[in-house]
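Colleague: Provided herewith is a single structure, encoded as structure tokens, for subsequent inquiry.
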Amino acid sequence: MLASVGLNEFLNKTASSDPVPGGGSAAALSGATAAALTEMVAKLTVGKKKYVEVEEEMKAIAEKAASLREKLMKDIDRDADSFNEVMGAFKLPKETDEEKATRSKSIQEATKKAAEVPLEVAKDAFGMMEMIEAVVVKGNASAVTDGAVAAMMARTAVLSAIYNVKINLSSIKDEAFVADLTQQVKQLEEAAVAKEQVILGKVML
């Protein structure tokens with residue numbers, strides 16, 4: 001389980017010649033880091049007299065960010081597992097026509113899954129950007145730069161996950177599936193970049 005190893009071991013594994021963990025797992029880690037920073041800023045706001053009016057909102061944000069952090073940590077392994085499934089499909093026998101057909105179908109199914117996992121990561125990372133904006137604008141001003149970093153990490157998670165969607169789409173033959181995901185990633189990409197700029201524009205230093 002990649003999510004349960006220490007940071008140094010994870011980075012050593014990433015730096016190795018093994019293709020997993022790769023960019024997809026790194027995207028999930030970026031998203032989890034964004035969630036953790038969001039959670040931290042919210043918690044640093046709770047209990048402060050100056051921010052009593054937003055205390056309940058910050059408690060809710062901290063709880064939701066914690067849930068997203070845990071989900072994205074699991075996605076580190078889900079992405080690696082989906083890649084391994086694709087590689088496993090390619091290793092299936094292909095001597096007979098039946099074997100070739102089975103292998104081709106398995107490759108396509110596994111590749112679709114390998115595209116869907118990072119798409120989910122991108123959606124989750126983008127979805128937390130509203131919370132990040134809230135902690136930047138309403139949260140503890142002493143931690144505003146942590147909120148800014150959360151915004152940048154969330155944007156990075158979205159864009160890097162999207163790249164992993166795109167590379168898998170190039171191998172998928174289902175045109176309707178490809179068209180649907182292509183449109184989704186285009187919208188996410190544009191929205192994440194725009195939202196990051198909005199959030200950073202509200203960072204008062």
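Colleague: Mind putting a number on the dipole of region 20-200 about its Cα centre? Charges go on the C-beta only, +1 for Lys and Arg and -1 for Asp and Glu, and I need it in Debye to the nearest 20.
Modeller: Using Cβ point charges on Lys, Arg, Asp and Glu, region 20-200 gives about 380 debye.
Colleague: Give, rounded to the nearest 20 debye, the magnitude of the charge dipole that region 119-188 has about its Cα centre when Lys and Arg contribute +1 at Cβ and Asp and Glu contribute -1 at Cβ.
Modeller: Using only the charged Cβ atoms, the result is roughly 160 debye.
Colleague: Sticking with this one: Too long at a 25 Å Cα-Cα cut-off: which of LYS105/LYS166; LYS13/LYS64; LYS64/LYS112; LYS43/LYS166?
Modeller: Correct reply: LYS13/LYS64; LYS64/LYS112; LYS43/LYS166.
Colleague: Also, I was wondering about something else. By how many degrees, 0 to 90 and rounded to 10, does the Cα axis of helix 97-127 deviate from the longest principal axis of the chain?
Modeller: For helix 97-127, the angle is close to 10 degrees.
Colleague: May I ask for the net charge around TYR163, where only other residues with Cβ less than 14 Å from the Cβ of TYR163 are counted and Lys, Arg are +1 while Asp, Glu are -1?
Modeller: That sum, taken over residues with Cβ under 14 Å, equals +1.
Colleague: Would you indicate which of (i) 19.4, 73; (ii) 33.1, 111; (iii) 16.9, 52 is the value of Rg and Dmax of the Cα atoms in Å derived from the coordinates of this structure?
Modeller: Label of the calculated value: (i).
Colleague: Could you tell me how many degrees, from 0 to 90 and to the nearest 10, lie between the Cα long axis of helix 129-138 and the main elongation axis, the longest principal axis, of the Cα atoms of the chain?
Modeller: 10
Colleague: Separate question: How far is the Cα center of region 84-131 from the Cα center of region 1-75, in Å?
Modeller: For region 84-131 versus region 1-75, the Cα centre distance is 25 Å.
Rule-based calculations on the coordinates, nothing more; no lab input. Owing to the predicted nature of the structure, the values given are computational and were not obtained by experimental measurement. So basically every Cβ, Gly included, is an ideal-geometry build from the backbone, and we count neighbours across all protein chains shown.
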